[in-house]
Each structure stands twice: as structure tokens, then as C-alpha cells.
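Everything on this sheet refers to the single structure shown next.
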Amino acid sequence: MMTEQSRRLLDQLDAILENEHDAVLTGEIGRLAALVSEKERLVDALNALAPPSEDSLRAVQGKLARNQALLDGALHGIRTVAARL
């Protein structure tokens, strides 16, 4: 059973992942540094608690994978432009 604290942390992490997604799509790379720090803090806090259920993590894992793919693509694009310059 997931605790109220775990639920709150997952909700906060979900919001951070949505903000990160938006920042990558709009090219606001500067926003990412603060979001990464907050994301790491939330993941650490979740790891310190009893693990949430697999179902509750599924949506967050999907968003993490989605954002990682976007970040990888953005980084590839930046590297391509830098190489051309």
C-alpha cells in the first residue's frame, strides 16, 4: 500500500516531468538545470521510502523514458550543429 507521502512525491515528480517535457519542446534549456536538481531530490526521497506499487510507478517510468528520448534527441541536434560550425 502506498503511503500518502509516497503519493505526494510521485505527484510532484509527475509535475516536474511535465515541466521538463515542456522545457525541451519549447527549447528552454536553461529551465532544465533546476528541474533536474528537483527531479533528483524527489527520486532520492522516493527511494528512501518503502517502494510504491508497480502500478503507481508505471506512468512516471513512461514519462521518464519519453523525456530521456527527447533530451537525447536535443543533445544530438546540438552536437550536429556544433560540428557544422
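Taking the condition open to solvent by 40 Å² or more (accessible area, probe 1.4 Å), part of a helix (DSSP H, G or I), at pLDDT below 90 and of a type outside the set (Val, Ile, Thr), does Gln12 pass? Answer is no for this residue.
Among the candidates Leu35, Leu25, Leu64, the residue that is at pLDDT 90 or above, open to solvent by less than 50 Å² (accessible area, probe 1.4 Å) and out of contact with any strand residue (DSSP E or B) (no Cβ under 6 Å at 6 or more places or on another chain) is uniquely Leu35.
For Asp72, the requirement of being closer than 17 Å to Arg7 by Cβ, assigned to a helix (DSSP H, G or I) and of a type in the set (D, E, K, R) is not met. Each residue in the stretch 38-56 was checked for being aliphatic (A, V, I, L, M) and surrounded by fewer than 10 Cβ atoms within 10 Å (Cβ to Cβ), and 1 of them qualify. Of all residues in the stretch 21-32, none are closer than 21 Å to Glu4 by Cβ and not hydroxyl-bearing (Ser, Thr, Tyr).
The values are calculated or read from the model by the stated rules, or taken from the named source; none is laboratory data. These numbers were taken from a predicted model, which means no experiment stands behind them. No Cβ is skipped: glycine too gets one built from the backbone with ideal geometry, and neighbour counts run over all protein chains shown. Side chains are part of the model used for accessible areas, which takes the heavy atoms of the whole protein and leaves out ligands, DNA and RNA. Shrake-Rupley method; radii C 1.70, N 1.55, O 1.52, S 1.80 Å.
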